[in-house]
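The values are calculated or read from the model by the stated rules, or taken from the named source; none is laboratory data. The shown structure was predicted, so the numbers you read here are calculated from the model rather than taken from an experiment. Neighbour counts are summed over all protein chains in view; Cβ atoms, including those assigned to glycine, are modelled from backbone coordinates with ideal geometry. For the accessible areas, the whole protein counts, side chains as well, though only heavy atoms, and no ligand, DNA or RNA atoms are used. Shrake-Rupley method; radii C 1.70, N 1.55, O 1.52, S 1.80 Å.
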Amino acid sequence: MAAQIWGSEKRARRRREISAKIAQMPELHDSKPLPFMTREEKIMESARKLTILTEKMGQIIDPTDPAELYHLNNEVLGLEGNPMALHGVMFIPALSAQASDEQQAKWLPRALRREIIGTYAQTELGHGTNLQNLETTATYDLATQEFVLHTPQITALKWWPGNLGKSSNYAVVVAHMIIKAKNYGPHPFMVQLRDEKTHEPLPGITIGDIGPKMAYNIVDNGFLGFNKYRIPRTNLLMRHTKVEADGTYIKPPHAKINYSAMVHVRAYMLTGQAIMLASALNIATRYSSVRRQGQIDKSQPEVKVLEYQTQQHRLFPSIARAYAFQFAGAETVKLYEHVLKEMKSGNVSLMADLHALTSGLKSVVTYQTGEGIEQARMACGGHGYSMASYISEIYGVAIGGCTYEGENMVMLLQLARYLVKSAALVKSGQSSKLGPLVAYLGVKSEPTSLIDRIPNSGFTEYVKTFQHVSKRQTLKAADMFFGLMEKGEKREIAWNKCSVELNRASRLHTRLFIVEAFVRRVNEIADIRIKEALTDLLHLHVNYELLDIASYALEDGFLSASQLDYIRDQVYLYLGKIRPNAVSLLDSWEFSDIELRSVLGRRDGNVYENLFKWAKSSPLNKTDVLSSVTQYLKPMMEKARL
Ligand SMILES: CCCCCCCCCCCCCCCCCCCCCCCC(=O)SCCNC(=O)CCNC(=O)[C@H](O)C(C)(C)COP(=O)(O)OP(=O)(O)OC[C@H]1O[C@@H](n2cnc3c(N)ncnc32)[C@H](O)[C@@H]1OP(=O)(O)O
Ligand SMILES: Cc1cc2nc3c(=O)[nH]c(=O)nc-3n(C[C@H](O)[C@H](O)[C@H](O)COP(=O)(O)OP(=O)(O)OC[C@H]3O[C@@H](n4cnc5c(N)ncnc54)[C@H](O)[C@@H]3O)c2cc1C
């Protein structure tokens, strides 16, 4: 099963080898539990480990393999980030995709050797979503052949970029490029922020940390202002766009090609979310098979809480989602790598499809991951609320994904643009022009669903039902939009009035893609036992998801009330079938105790003893009487007693 999850036997084996090596290297372990550290201590601890990794990484992993890097990162540095997180996740990808060969030769080897640390500085205090209204300017000075970076007012301060505040000395900065008074829109520039020797900010740069956040507190998200700060013309990233010395602008082959670093993260973060969901579920499911509370049959001893159907219903559909996200994420990464290769050689024809797909997936996956992790926390009762479970930290980190790389509603609306265009093709009789991901929009469906009507139909009737609801909602939302425009509404006003319906269409389309990716994967599996276990999980997935969106299929009679009862019964049936495999389905992800960082989710199940040990190690317990007591509470009580 690990081979299915991680992509191959070899990958699963490599993960085990890497975990085993890390287990033998105490210098790479947390020196104490992260929840007991201050933010400064955590940052220090993380930087300490990073420097060891820079020395020893080659002994542990193949540093050119992103999957191995990611695993090393999760084991050693953990989910809460590190001082170079953005360096690997966005700075290097931005340089790789957007810098010319000459620029790459100059900067990439230095970045890869970690001579410099970089980040991606785009979002500002006043604008994150609407890139067209960013306010930082890069004005070309023809006389000196330099760009002058400037922050005209407080809302133009860069705000949020990870590791910008304290760690990075370089950044890819996105600013509006102005040449001879003409604004060419946001463009990426390579900018040195700090002195390479002293690490002091360079003159003309204001920089710092934006303060503690809901999670990710090892990352120094920062602010950055420029006061007429000059950089050479050749610091504009020029793989796709060029500015000649005389100010001539050569436009890129696609207007949004400079957004590729964002698409990179959107494509890669899906499996990251799957891992966080599976981690939280692993903790909750293991704990649920240790925790005994109450009886189902009063004549029997107390049961493991995992025996309760409500507990299974809380956890198992999310187990199915974690697998589904992992499979859909793996497909998306493959597609991204393909499109990136094509883009580099000038073929930009697949960019719109990739953008639509990653926008929808990023939104649905992060939202459902958040839901699943929160349910996992609640499923652990009181101990889930303790930082000893570590689930709240996983939740805080995962939920950040709903906001970064494009706020979820906004990204769903991006997919909706693509769906509405596709609907227009269907309506104008040009269904043959639909791309493969939306081809179903042009296919006539049966009048009613055949779920439970055709024996042994596998998952086909389920997929058709998801297609039907997605198609119907897309065409309905598009009709609403076109109808308003026909009545004379301006395009943007009409769009806003339909946006809730449009986003519903985007979610349904994305959920269909996730179901199809799961079905595709299960169909490919040769090993009978693995196929059986995953088929059970897929049954649970399709029935649970369909029940969740049933109103869309009920409103036009595509599903009947009796079919709905059948679907509900299937959910209960598969909860029971999955129960014996539940812990194994999560243990198959092979998270080590080092990586999980959870007292509740320990592999050995020795929860109570270790919870007590953990509590005793709290800094508050170093002394029996705290100074808050001697200084305030004790005098208060004494005064009251007089
Ligand atoms: C030991 C070492 C450890 C190191 C570890 C290394 C591991 C390496 C492995 C990697 C693993 C990665 C895992 C991820 C883990 C995550 C870590 C967390 C890091 C957090 C990073 C967060 C970073 C950020 O948030 S950066 C800022 C992101 N900002 C945004 O996303 C802003 C959102 N806004 C937008 O994207 C745009 O403004 C948008 C799209 C909303 C609107 O743009 P615009 O106004 O320009 O366009 P429109 O007018 O709306 O549209 C015009 C047209 O263009 C189309 N379009 C838009 N974007 C794209 C695109 N990208 N591609 C193609 N087409 C695009 C749009 O659809 C329109 O098309 P139409 O045809 O006109 O409809
Ligand atoms: C943990 C974290 C890490 C980050 N790292 C980085 C980084 O490394 N580099 C970087 O540059 N940035 C980074 N960011 C910033 C992040 O990319 C933005 O916060 C994000 O893109 C959302 O933009 P915003 O803050 O402007 O939200 P807003 O756009 O202000 O969103 C507020 C509300 O308005 C709604 N809204 C906005 N526009 C529309 C619209 N057109 N239609 C409908 N609704 C709309 C949204 O849906 C939301 O409900 C990070 C953010 C976080 C939380």
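Remarks
- Residues (basic (Lys, Arg) and in a loop (DSSP other than H, G, I, E, B)) located in the range 1-43: Lys32
- Residue tally, condition among the small types (Gly, Ala, Ser) and within 22 Å of Val583 (Cα to Cα), over the range 504-547: 1
- Test: Gly435 is in the same structural domain as Lys476 (by TED's automatic domain parsing), within 13 Å of ligand 1 (Cβ to nearest atom) and surrounded by fewer than 19 Cβ atoms within 10 Å (Cβ to Cβ): no
- Residue match in the range 439-461 (condition: small (Gly, Ala, Ser), open to solvent by 60 Å² or more (accessible area, probe 1.4 Å) and either modelled with pLDDT of 95 or more or not assigned by TED's automatic domain parsing to the domain that holds Asp556 (or both)): no
- Residue list for the range 256-290, restricted to those being of a type in the set (Gly, Ala, Ser) and at pLDDT below 95: Ser260, Ala261
- The set of residues in the range 97-107 being assigned to a helix (DSSP H, G or I) and buried (at least 18 other Cβ atoms within 10 Å of the Cβ) consists of Ala97, Gln98, Gln103, Trp107.
- Flag: Leu547 does not match the condition of being touching a residue at least 12 places away in the same chain (Cβ under 8 Å) and either of a type in the set (Val, Ile, Thr) or open to solvent by less than 30 Å² (accessible area, probe 1.4 Å) (or both).
- From the list Leu142, Leu86, the one residue that fits, being open to solvent by less than 50 Å² (accessible area, probe 1.4 Å) and at pLDDT 95 or above, is Leu86.
- The range 120-159: number of residues that are part of a strand (DSSP E or B) and in contact (Cβ under 8 Å) with a residue 60 or more places away in the chain: 12
- Odd one out for Arg266, checked against (1) open to solvent by 50 Å² or more (accessible area, probe 1.4 Å); (2) within 16 Å of ligand 1 (Cβ to nearest atom); (3) in a helix (DSSP H, G or I): (1)
- Single residue of the range 166-203 satisfying the filter (in contact (Cβ under 8 Å) with a residue 40 or more places away in the chain and part of a loop (DSSP other than H, G, I, E, B)) that is most open to solvent (accessible area, probe 1.4 Å): Lys180
- Residue check, Pro253 open to solvent by 20 Å² or more (accessible area, probe 1.4 Å) and at pLDDT 95 or above: no
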